[in-house]
Amino acid sequence: MNYQDTVNWMFKQLPMYQNQGKSAFKKNLTNAIHLAEHLKNPQQKFKSIHVAGTNGKGSCSHMLASVLQEAGYKVGLYTSPHLKDFRERIKINGQEVSKQFVIGFIKRNLSFFKINKLSFFEMTVGMAFDYFAKEKVDIAVIEVGLGGRLDSTNIITPELAVITNIGFDHMQFLGTTYESIAKEKAGIIKPNVPVVIGETQKETKGVFKQIAESNDAEIFFADREVKVSYESDLKGNYQQKNIKTVVKALHVLKEVLGYNISEAHIKTGLVKVVQNTGLKGRWQVLQIKPKIVCDTAHNKEGLSIIVQQLDEETYQDLHIVFGVVKDKDLETILPLLPKDAYYYFCKPNVPRGLEAHILEARFIEAGFKGQSYFSVSKAFKAALSEAKSEDFIYIGGSTFVVAEVV
């Protein structure tokens, strides 16, 4: 199998959450543990930071990696989902894993994968851990895929755990209250491993404190402790919260765990996130006249901050290219979105994508203006042809919509 054949085979394995949704969710870590044993427990051969949370975990993971790179460490970075190419998920110092490693890893372990019916996500996590161990990284930043407690990444014992915040997303797996979702995310808290919580929320603070206490884990609330502001090349307003989370995590790495991280490393790392790690799709400005911005925000909390940021922009007319996945709770996001915009509805090109005409009908019924298009690219082209140079085009609603335009 060549690279494309290999990746296509992986995508066809037991349901992949980004394509199928709920049927892909595993109820235990048995497969992840079994695979790790088969690979001779690579996760025990490198140090790690584990990052969970409803929003901001991808940005925080990339920021942490960027600063650690500036501090001279060899840094593994595992994130999901990818936008363009599978290899974006697994990087060392910003360089994607080679096609040859992906092909070789699947080839070497193919019979094990088939016999044990491993999912796409389980295989990918195993691949990342195997790669980081073989390449002898100094530390790896590991982003949780979904939840925490039952996520395939949760077989590591990290140096530090980070939980950015708790919001309503993936409630069909994680529960329907902030407390129940917090319990799932807090599943990454390990005995005697310090944990940084990004945002103090009254519904979740007690949950985190109680679980940290029962694990003898020192707990820090970043928003209460970090008073200094930092610049970053990631320009979304929401990044200010992520920056505080990252800065506190770095202070813990330095002061509690003895890592060699200076203030200069932090400042430089935060303004070179895109250059150092290749992060895309976070309030990414694609063009200036008309101004075109895309962002992967896709739930109530994420989109509410995006709408605030749109309010701060100056433009004549607002055009929004918008698509979502089928399991998105539209009732929570419809009230947030601007009604004075014109919408170009589209279906992201994944099996989970919601049909554009269904999305259009829901929006029109709620008093919005817009039209549905056959694809993301057609919707984007229509917005471009309608927009004047003083207008603003926003593209979002789903990571998979953004993936088609960056």
_Go through the stretch 24-69 and report how many residues are closer than 17 Å to E143 by Cβ and of a type in the set (V, I, T)._
4
_Tally of residues being under 21 Å from Q308 (Cα atoms) and in a loop (DSSP other than H, G, I, E, B) across the stretch 230-265_ = 9
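Looking only at residues in the stretch 45-98 that are of a type in the set (K, R) and in contact with a Pro (Cβ under 8 Å, 6 or more places away or on another chain), which one is farthest from I189 (Cα to Cα)? Show your work before the answer.
Residues of the stretch 45-98 of a type in the set (K, R): 45, 47, 57, 74, 84, 87, 89, 91.
The next check asks that each one be in contact with a Pro (Cβ under 8 Å, 6 or more places away or on another chain); those that pass are 47, 89.
Values: K47: 16, R89: 23 Å.
Per the criteria, the residue is R89.
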_Condition first: at pLDDT 95 or above and assigned to a loop (DSSP other than H, G, I, E, B). Can you find one or more residues in the stretch 207-215 that meet it?_
yes
*Can you name the number of the only condition in (1) modelled with pLDDT of 95 or more; (2) over 21 Å from the mean Cα position of the chain (by Cα) that D223 fails?*
(2)
*Out of all the residues in the stretch 165-182, is one or more within 30 Å of R87 (Cβ to Cβ), at pLDDT 95 or above and either of a type in the set (S, T, Y) or crowded, with 21+ Cβ neighbours inside 10 Å (or both)?*
no
*Do any residues in the stretch 221-234 that are over 17 Å from T164 (Cα atoms) have Cβ atoms under 8 Å from those of residues that are open to solvent by 50 Å² or more (accessible area, probe 1.4 Å) and in a loop (DSSP other than H, G, I, E, B), where the two are at least six apart or on different chains, and which pairs are they?*
D233/K272
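Among the charged types (D, E, K, R), part of a helix (DSSP H, G or I) and at pLDDT 95 or above, is that true of K190?
On the way: among the charged types (D, E, K, R): yes; part of a helix (DSSP H, G or I): no; at pLDDT 95 or above: yes.
The answer is no for K190.
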_Boolean, I106 is open to solvent by less than 10 Å² (accessible area, probe 1.4 Å), of a type outside the set (D, E, K, R), farther than 11 Å from G76 by Cβ and at pLDDT 95 or above_ = yes
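The values are calculated or read from the model by the stated rules, or taken from the named source; none is laboratory data. The shown structure was predicted, so the numbers you read here are calculated from the model rather than taken from an experiment. Methodologically, a virtual Cβ is constructed for each residue, glycine included, from the backbone with ideal geometry; neighbour enumeration extends over all protein chains shown. In case anyone asks, the SASA skips ligands and DNA or RNA and just uses the protein heavy atoms, side chains included. Shrake-Rupley method; radii C 1.70, N 1.55, O 1.52, S 1.80 Å.
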